[in-house]
Every structure is written in structure tokens, then in C-alpha cells.
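Scroll down for the structure; my scribbles are underneath it.
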Amino acid sequence: MKKIIYLDNASTTKVYPEVAKVMEKVMLNQYGNPSSSHDLGDEARKIINDSRIILAKEINAKAYEVIFTSGATESNNLALFGVAGSKLGKIKKNIIISSIEHSSIYESVKELEKQGFEVIEVPVDNNGLIDIDYLKNKIDNNTLIVSIIHGNNELGVLQNIEEIGSICNKHGVLFHTDCSQSFGKDKIDVRKMNISLLSASGHKIGASKGIGLLYIKEGIELEQRLFGGSQEMNRRAGTENVAGIAGFSKAIEITRKHDVKKVRIVRDYFISQLENIGGKINGSKEKRLSNIVSVTFDCDAENLMIFLSGKGIMCSTRSACDEKSKKESRVLESIGLKEKEIKGTLRFSLGFDTNKKDIDYVIREIKKFIKMNS
Ligand code: PMP
């Protein structure tokens with residue numbers, strides 16, 4: 001079998017074998033409905049409660065402030081529509097986001113605009129960092145919520161969420177952050193960072209697809225989105241994905257033990273090698289996730305991606321959630337890339353097991369492609 005060099009971990013990750021094992025055990029043995037009152041129901045409920053404690057601890061939240069969802073798309077939707085439909089949403093009508101949000105935030109606020117909310121987009125500079133002064137100028141008594149992504153999925157740029165949280169806190173405004181890419185990799189403390197709502201997803205850290213969480217600070221009212229059950233403290237109806245939840249908490253325990261610094265070293269080596277062969281790195285080099293590299297070449301990135309795929313190297317041209325869309329990347333446009341540059345941009349997202357030998361192979365293959373196409 002051809003060796004695979006998987007550099008698309010921002011799209012999704014391979015499930016850890018230990019996670020698969022835990023999930024199998026839950027599916028085969030602890031298959032009771034967590035809402036049932038018999039012993040098997042109790043066992044399933046205990047798995048959920050224990051997992052909630054582990055995952056809440058990761059962000060310094062209380063267990064009852066974390067609810068399980070189907071993933072970050074649902075968490076982002078619930079956070080925004082939930083707040084918009086709450087009592088507060090009847091009074092305050094402005095929503096502030098950044099220009100580099102994931103489509104699940106961007107499309108949600110487009111919907112909310114139709115319902116009478118005004119959406120303000122904070123621009124980013126060429127490095128992908130948001131204009132903090134712009135945010136300070138726009139936030140006021142009419143601001144319902146500020147939603148700013150932590151680690152951007154296309155560029156890898158990390159925003160200073162502590163500073164943003166402090167601005168929101170000063171104005172008494174709710175602060176939501178999409179931490180799908182940073183959860184488990186970068187330190188997040190919801191109390192210290194004044195975060196009111198936070199989204200994360202299991203399949204970005206070695207858990208299965210279809211499981212995520214939403215942190216909801218104690219006391220925040222959210223309009224219900226799903227009806228027909230009292231699960232998840234009445235915040236999200238539907239029988240819980242017990243195996244997925246068990247896998248999610250196992251995945252965070254494993255992820256935490258990995259050495260992020262080692263990934264950073266490989267990432268920086270990759271960046272220097274890409275630059276050596278004429279690649280232009282997008283986004284701040286200092287303030288970035290340990291594992292995402294966005295690079296622009298003077299070539300057709302779609303063809304390069306397909307060429308690399310043929311060599312066993314998996315990467316992407318953009319966010320997987322937008323891959324099938326015909327539109328150019330909003331995020332790359334936001335940092336000032338021209339159409340031709342956007343068409344020449346690839347995203348590589350490293351795993352904890354990516355090594356320098358893998359990188360050398362990738363660089364050799366990119367060089368071959370560029371030589372063939374120049
Ligand atoms: N936000 C960001 C930043 C993401 O990268 C993703 C996954 N592409 C999502 C939200 C959506 O997550 P999920 O696939 O769990 O719905």
C-alpha cells in the first residue's frame with residue numbers, strides 16, 4: 001500500500017486507536033439510553049458525566065457549563081441563534097464577527113441579518129490579525145454578541161482572544177469564540193479570557209466525526225433550537241452520542257500529552273523549506289497554530305493538490321467545508337490576496353506524527369511539479 005503523508009488534519013484527523021477502542025467498548029457494552037433509569041442507562045449517563053468533567057476541565061469551565069452537540073457547526077449555530085432568540089436578542093440588535101470566520105458563523109449571521117440583526121465585520125490586516133481598534137469603535141450598548149474565531153482554519157492565525165474577551169467584558173457584551181482548531185492544542189481558560197460561549201469539535205483532535213461541544217457560561221440564556229427532549233440540561237434535545245462523547249474525552253487526554261512544541265519545530269522547518277522554493281506564507285508567522293501552514297505558489301494550486309495526492313500527500317486548497325463551493329476564499333481575500341494568488345494557495349495541516357523526512361518528501365514533490373509546470 002502507498003505511504004500516505006496526511007497533511008489535512010485541519011479538515012479532520014485520523015481517530016486515535018485508543019479512541020476507537022473506547023468507542024467500540026461503549027457501543028458493544030454500554031449501549032443503554034442515558035435517559036433510561038435501569039443499570040445500563042446509569043452506565044451510559046456516567047460515561048457522559050465523566051467525559052463532561054474531563055472536557056470542561058480543559059478550558060477551566062464547570063462541567064454543567066458544557067453541553068454536547070454534533071460538532072462545531074451545530075455549536076456555532078446554537079450559540080448565535082440561541083443568543084439572538086433570547087430575551088437579550090429582543091433588545092440588542094448588533095452582532096460583531098471578524099472577516100475570517102468559518103462558514104458556519106458567516107452563514108449563520110447572514111441568516112440573522114434577514115431577521116433584522118445588523119452584522120458588523122471587523123477587518124483583518126495582511127497578517128490575518130483582527131483590527132482591535134475597529135472592534136473597540138464598533139462595540140457599544142447595542143452589541144448583542146461578538147464572535148471571533150480563535151485559530152483560523154485556513155491561515156492558522158491565532159487571535160488574541162484574551163484581549164478581545166477583556167474588551168467585551170468591559171462593555172458587558174457576550175463573547176463567543178470558535179475554537180475548533182485550537183481546542184486541545186492551545187491553552188484556553190474561559191474565565192481568564194472572559195469567554196461566554198465556546199465551540200469545539202471532536203474530529204479535529206482524533207475523536208470521531210459527529211461530536212462537539214458548546215461551553216455556555218453559567219446564567220446565559222439561549223433559545224432552544226431542538227425540541228422533544230430534556231437532554232443536555234434542556235439545551236439540546238436528542239439522545240446523546242454516548243460513544244462519540246466517550247471518544248471525545250479520551251481524545252483530549254491523548255492530545256494534551258502530545259508535545260505541541262515538536263509540531264512547531266516541524267512546522268517552522270516546513271515554512272523555511274517552502275520559502276526556499278518560492279512559496280509565500282500567508283498569515284502571521286508568530287501568532288499561529290502549531291499545525292497549519294498556508295502557502296501561495298505561482299501555479300494552479302488545485303492541480304498541485306491533485307498531483308500531490310497522486311504521490312500520497314494529502315492537503316487542501318481551502319477549508320473542507322467550502323471545498324465544493326465555486327466562490328473564492330473569503331478568508332484569503334480578507335488578507336488582501338488577489339484572485340491569482342488565491343488560486344495558487346494550498347493549506348497543509350500537520351499532525352503530531354509529521355516529521356522532517358515527510359516534509360523533505362513533500363518539498364521534493366512540489367519542486368517537481370513547479371519544474372514541470374514552468
Ligand atoms: N469552525 C472551524 C474553524 C472549523 O475548522 C470547522 C471544521 N472545518 C468547523 C467550525 C465545523 O466543525 P464540524 O465539522 O465539527 O461541524
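The values are calculated or read from the model by the stated rules, or taken from the named source; none is laboratory data. This structure is a prediction, so every number in the text was calculated from the model and none was measured. Glycine also receives a Cβ, built like all others from the backbone with ideal geometry; neighbour counts cover every protein chain displayed. The area values use the complete protein model at the heavy-atom level, side chains included, leaving out ligands, DNA and RNA. Shrake-Rupley method; radii C 1.70, N 1.55, O 1.52, S 1.80 Å.
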* **Of all residues making up the stretch 33-58, the number that are open to solvent by less than 50 Å² (accessible area, probe 1.4 Å), in contact (Cβ under 8 Å) with a residue 12 or more places away in the chain and either within 16 Å of the ligand (Cβ to nearest atom) or assigned to a helix (DSSP H, G or I) (or both)** => 8
* Test result for residue 256, in contact (Cβ under 8 Å) with a residue 60 or more places away in the chain, under 25 Å from residue 353 (Cβ atoms) and open to solvent by 70 Å² or more (accessible area, probe 1.4 Å) -> yes
* Asked: Listed residues 301, 320; which is aliphatic (A, V, I, L, M), at pLDDT below 95 and under 21 Å from residue 12 (Cα atoms)?
  -> 320
* Looking at the stretch 112-168, which of the residues that are within 16 Å of the ligand (Cβ to nearest atom) and of a type in the set (Gly, Ala, Ser) is nearest to residue 86 (Cα to Cα)? -> 147
* Asked: Taking into account only those residues within the stretch 59-73 that are farther than 13 Å from residue 202 by Cα and of a type outside the set (Val, Ile, Thr), which is surrounded by the most Cβ atoms within 10 Å (Cβ to Cβ)?
  -> 61
* **Neighbours by Cβ (under 9 Å, 6+ apart or cross-chain): first from the stretch 104-120, over 23 Å from residue 154 (Cα atoms) and of a type in the set (S, T, N, Q); second away from the ligand (no atom under 16 Å from the Cβ) and in a helix (DSSP H, G or I)** => 115/84
* Does residue 253 satisfy being among the acidic types (Asp, Glu) and under 22 Å from residue 78 (Cα atoms)? -> no
* Criterion (open to solvent by 30 Å² or more (accessible area, probe 1.4 Å), touching a helix residue (DSSP H, G or I) at 6+ places or on another chain (Cβ under 7 Å) and among the polar types (S, T, N, Q)) met by exactly one of 291, 355, 373, 303 -> 355
* Residue that is within 30 Å of residue 129 (Cα to Cα), of a type outside the set (Asp, Glu) and within 16 Å of the ligand (Cβ to nearest atom), where the choices are 78, 88 -> 78
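Results for (1) more than 16 Å from the chain's Cα centre (by Cα); (2) of a type in the set (Lys, Arg); (3) open to solvent by 10 Å² or more (accessible area, probe 1.4 Å), shown as yes or no for each residue.
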site: 94; (1), (2), (3): yes, no, yes
site: 98; (1), (2), (3): no, no, no
site: 101; (1), (2), (3): no, no, no
site: 109; (1), (2), (3): yes, no, no
site: 131; (1), (2), (3): yes, no, yes
site: 144; (1), (2), (3): yes, no, no
site: 148; (1), (2), (3): no, no, no
site: 155; (1), (2), (3): no, no, no
site: 168; (1), (2), (3): yes, no, no
